[in-house]
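Undergrad: Let me begin by handing over the structure; questions about it come next.
The values are calculated or read from the model by the stated rules, or taken from the named source; none is laboratory data. Small disclaimer: the values here were computed from a predicted structure and weren't measured. Using ideal geometry, Cβ is built from the backbone for each residue, glycine included, and neighbour counts are taken over all protein chains shown. Surface accessibility is based on the protein's heavy atoms, side chains included, excluding ligands, DNA and RNA. Shrake-Rupley method; radii C 1.70, N 1.55, O 1.52, S 1.80 Å.
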Amino acid sequence: MSEPEDKAPPASVPASNTEGGGTGADGAAPVTKDSPVPPEAIKAIPVRHYGRWISAAIVLVLFGLVVAAFVGADITWPTVGRYLNQETILTGAVNTLWITLLAMLMGVVLGTVLAVMRLSKNPVMSSVAWGYIWVFRGTPVLVQLLIWYNLALIFPILDLGFYRDEMNDVMTPFLAALLGLGLNEAAYMAEISRAGIQSVDEGQTEAAHALGMTGSRTMRRIVLPQAMRVIIPPTGNEFINMLKTSSLAYAIQYSELLFSATRISSRNLEVMELLLVATIWYLILTTIFSVGQYYLERYFQRGSSRNLPPTPWQRVRRSLTSFRTPSQVGGKTV
């Protein structure tokens, strides 16, 4: 009885692929009649977030109502534009910036010293630092400004031995504002600096001491540079807050931005217009320094984060061009 003849391969499968274990023209594995059918390509359909569109529409409507209310209010808008670059207002803005810079400088330097004193093993140094922080954090800034400004009521003459003068001539509004704001800020910076110093692993200090470095040198060269990554963000926030807190110097007749605006409004009786001028200038200053704070934080994050956060412009562009959460399908973002 003769052997049955082999069946010919299906018409859809080339004969060359069924013999000798060869490969296809594209170098793929041989296709046989027992090969599984490849799955169809997945067509990903992004999830639509209709709630985001609805919430965005509601926010835009509310924003439009607020804008319409201010446009229709009894406000002389040309007056606002005219006084934005008025000399008195510009001088007040410069004075605000100047007192902010000096007060923050005093606060950072003195706060760092207080933080080191607070962490000292000397009970006297630690107690003095704790008492300073307790007093200045426990009393309002406005009260401290008024105490410095009225210091002549209890000390009419300033006598330092090598210098003697009347307190009213010494304690000017500028000096009272500088002491009131700077010394108060030092109490807060002391706690920020202390948190940054304590964030550095103790092994760093032990290794430095094992290499023969003194305590002060270890603090300057090892601990503080590493603590800056923790200190910078809240310090930038304190600077922005100081820009606004400087308006309290209005109460002691220091010619900062708010005082300059109210002095003009007391003459032309356009109170709301001048307050809006001061508001715009505060927004300009805080915006500029907020952007600077962001890039400063980004600079100190280089050694601790491989993927830096997106810049403000990148976040704005991404928010404006997408109202849905990106999904990963097959290694592609959809």
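Undergrad: Give me the pairs, please: first residue somewhere in region 193-206 and closer than 20 Å to Pro233 by Cβ, second residue anywhere and hydroxyl-bearing (Ser, Thr, Tyr) and open to solvent by less than 80 Å² (accessible area, probe 1.4 Å), beta-carbon distance under 8 Å, and either six or more positions apart or on two chains.
TA: Every condition considered, the pairs that remain are Ser193/Thr112.
Undergrad: Oh, and also: Pairs, please: C-beta under 7 Å, at least 6 apart or cross-chain, first residue touching a residue at least 60 places away in the same chain (Cβ under 8 Å) and in region 151-173, second of a type outside the set (S, T, N, Q) and in a loop (DSSP other than H, G, I, E, B)?
TA: Short answer, once both residue conditions are applied: Pro173/Tyr254.
Undergrad: Just need a number here: residues in region 253-267 that are touching a residue at least 40 places away in the same chain (Cβ under 8 Å) and assigned to a helix (DSSP H, G or I).
TA: Looking only at that region, the number is 7.
Undergrad: What number of residues within region 123-138 satisfy the criterion of being open to solvent by less than 70 Å² (accessible area, probe 1.4 Å) and either of a type outside the set (Val, Ile, Thr) or within 24 Å of Asn168 (Cα to Cα) (or both)?
TA: 6
Undergrad: Here are Ala176, Ala152, Ala195: which of them is farther than 19 Å from Met106 by Cβ, in a helix (DSSP H, G or I) and over 28 Å from the mean Cα position of the chain (by Cα)?
TA: The match here is Ala152.
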